[in-house]
Amino acid sequence: MTTRSSADSRKGLQIASPGRLALYGTLTLFAALFILPFVWQLGGSLKTPAELASGSFNLFPADPQWGNYAEVFRRAPIATWFANSLVIAVLGTLGATLTSAFCAYGFAVLRARGSRLAFGMVLLTILVPYQVLIIPEYIVWAKLGLTNTPIPLVLPWFLGGGAFNIFLLRQFMLGLPRDMVDAARVDGAGELQIFRRIILPMCAPALAVVAVFHFIFMWNDFLRPLLYLQDPSATTLPVGLAGFVTRFARQWHLLLAGSALALAPLVIIFALAQRVLARGISVAGVRK
């Protein structure tokens, strides 16, 4: 009994050591710095235009203007923009996750001749900013008559999935035990069966990381929807919200309220998938 109490006391002293307290204090400080802009955004969405123009740093107003959120829906088709963004982000995420898993399987499991060279060329594409390719891509889609449709925003993600996604999944697959794959081949399973029944279930944490990160990218993308979707009823939420701030009118309170609404799905996704994300990132980080 005494020994256990002594051990518990030493454990408590270890937890309360100065180094650990300094670590927790530093992490708390950085967490507060990251959270502060979001808190300021929520507070600004409840202020009047005059309060925002005054430049005061009050996080929350004394008289919250909850009507700003209703005003956003009255001024713009927020529900339509929200639905457009959701459809484009979900379809693009499905395409990127699936095709990047196929490509990663080829590089990590099949290992055909020249696969390392091909994988190196794929990685080199990470160095090319996607803005460089926007004009050539637009010319192609314009000649096909597919501008002002979501196809240019979704279809390319079904043709490879992105170099970073391929890299992340390949590194994860390299650490999987090959014995199960070899045993399945001996039993007569084809590559598609191995991919679907063995590899995909074992890669669930990494697939979740790829899906969440890509959904965030698609949801926040501004430049491509701005270029391809000229019809206001077909545009996405980030592009539509930018219309609240123009040369002739700066409705910052409505922009902040709309941005808070746009942030809600991402917060929900992170809250629901945080354990899977943490596991996927930690496991992928220790792969070969």
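The values are calculated or read from the model by the stated rules, or taken from the named source; none is laboratory data. What you are looking at is a predicted structure, and each value in this text was computed from that prediction instead of being measured. Reconstructed Cβ throughout: ideal geometry from the backbone, glycine too, with neighbour counts over all protein chains shown.
Kindly list, by first and then second residue, each pair from a residue in the stretch 56-82 that is touching a residue at least 24 places away in the same chain (Cβ under 8 Å) to a residue that is exposed (fewer than 13 other Cβ atoms within 10 Å of the Cβ), limited to pairs with Cβ atoms under 9 Å and residues at least 6 apart or on different chains.
Hits for this filter: Pro77/Ser233; Thr80/Ser233; Trp81/Ser233.
Go through the stretch 25-65 residue by residue and tally those that are assigned to a loop (DSSP other than H, G, I, E, B) and within 13 Å of Leu254 (Cβ to Cβ).
The total comes to 5.
Considering only residues that are of a type in the set (Gly, Ala, Ser) and surrounded by 11 or more Cβ atoms within 10 Å (Cβ to Cβ), look in the stretch 111-134 and name the one that is farthest from Tyr228 (Cα to Cα).
Initially, the stretch 111-134 is screened for residues of a type in the set (Gly, Ala, Ser), giving 112, 114-115, 118, 120.
When the remaining residues are screened for being surrounded by 11 or more Cβ atoms within 10 Å (Cβ to Cβ), the result is 115, 118.
Details: Ser115: 35, Ala118: 31 Å.
The extreme case among them is Ser115.
Is there a residue being under 23 Å from Pro205 (Cβ atoms), assigned by TED's automatic domain parsing to the domain that holds Arg196 and under 24 Å from the mean Cα position of the chain (by Cα) anywhere in the stretch 76-84? Walk me through it before giving the result.
Of the residues in the stretch 76-84, the ones under 23 Å from Pro205 (Cβ atoms) are none.
Taking every residue of the stretch 76-84 in turn, none turns out to be under 23 Å from Pro205 (Cβ atoms), assigned by TED's automatic domain parsing to the domain that holds Arg196 and under 24 Å from the mean Cα position of the chain (by Cα).
For the stretch 128-149, state whether one or more residues are under 24 Å from the mean Cα position of the chain (by Cα), in the same structural domain as Gly92 (by TED's automatic domain parsing) and farther than 19 Å from Met218 by Cα.
no
Kindly state which helices (runs of 4 or more DSSP H) lie completely within the stretch 168-234 and contain at least 2 residues that are surrounded by 18 or more Cβ atoms within 10 Å (Cβ to Cβ) and in contact (Cβ under 8 Å) with a residue 60 or more places away in the chain.
Per the criteria, 204-220, 223-228.
Conditions first: (1) surrounded by fewer than 18 Cβ atoms within 10 Å (Cβ to Cβ); (2) under 26 Å from Leu277 (Cα atoms). Ala108 passes all but one, so which condition is the exception?
Of the numbered conditions (1) surrounded by fewer than 18 Cβ atoms within 10 Å (Cβ to Cβ); (2) under 26 Å from Leu277 (Cα atoms), the odd one out for Ala108 is (1).
Pairs please, first residue from the stretch 31-53 and farther than 14 Å from Glu71 by Cβ and among the charged types (D, E, K, R), second anywhere and modelled with pLDDT under 90 and in a helix (DSSP H, G or I), Cβ atoms under 8 Å, 6+ apart in sequence or on different chains.
none
For the structure I just gave you, tell me whether Arg20 is among the charged types (D, E, K, R) and at pLDDT 90 or above. Don't jump to the end; show me each part of the working.
Values: among the charged types (D, E, K, R): yes; at pLDDT 90 or above: no.
It is false that Arg20 is among the charged types (D, E, K, R) and at pLDDT 90 or above.
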